[in-house]
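Read the structure below first, then the notes.
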Amino acid sequence: MELGFYNHFKGGVYHVVGIALHHETREELVMYYDYNTAPPFTFYAREKKNFEEEVIVNGKKVKRFQKEKYNYEKDVEYDN
């Protein structure tokens, strides 16, 4: 899975920052936060298979999260 920015099918932009492993099952979890919120960010973990699955919207299959083509990274400022 590529790290970066993803659009949710209901709206919103989310920044995927890594993959974590569930401590018991070793299932992969996608770690991400809502890009439209101000720091400090709340991080979320979602099963990778759920993150990548398709959902039905208005009778059509669409990805739950779609990789964003725009690179928001250039807009992110980090304190050193």
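The values are calculated or read from the model by the stated rules, or taken from the named source; none is laboratory data. It should be emphasised that the depicted structure is a prediction, and the values quoted were computed from it without experimental measurement. Methodologically, a virtual Cβ is constructed for each residue, glycine included, from the backbone with ideal geometry; neighbour enumeration extends over all protein chains shown.
One residue stands out in region 51-79 among those that are modelled with pLDDT of 95 or more, under 17 Å from Phe5 (Cα atoms) and outside any strand (DSSP E or B): the one that is nearest to the chain's Cα centre (by Cα), namely Phe51. When region 3-17 is filtered for residues that are touching a strand residue (DSSP E or B) at 6+ places or on another chain (Cβ under 9 Å) and on the phi > 0 side of the Ramachandran plot, the ones remaining, listed by number, are Gly4, Gly12. Check region 40-49 and report whether any residue there is loosely packed, with under 12 Cβ neighbours inside 10 Å and modelled with pLDDT under 90. Looking through region 40-49, at least one residue is loosely packed, with under 12 Cβ neighbours inside 10 Å and modelled with pLDDT under 90.
The single condition from (1) on the phi < 0 side of the Ramachandran plot; (2) surrounded by 14 or more Cβ atoms within 10 Å (Cβ to Cβ); (3) in contact (Cβ under 8 Å) with a residue 24 or more places away in the chain that Asn36 fails is (2).
Test each condition in (1) at pLDDT below 95; (2) loosely packed, with under 12 Cβ neighbours inside 10 Å for Leu21 and report the one that comes out false. Of the numbered conditions (1) at pLDDT below 95; (2) loosely packed, with under 12 Cβ neighbours inside 10 Å, the odd one out for Leu21 is (1).
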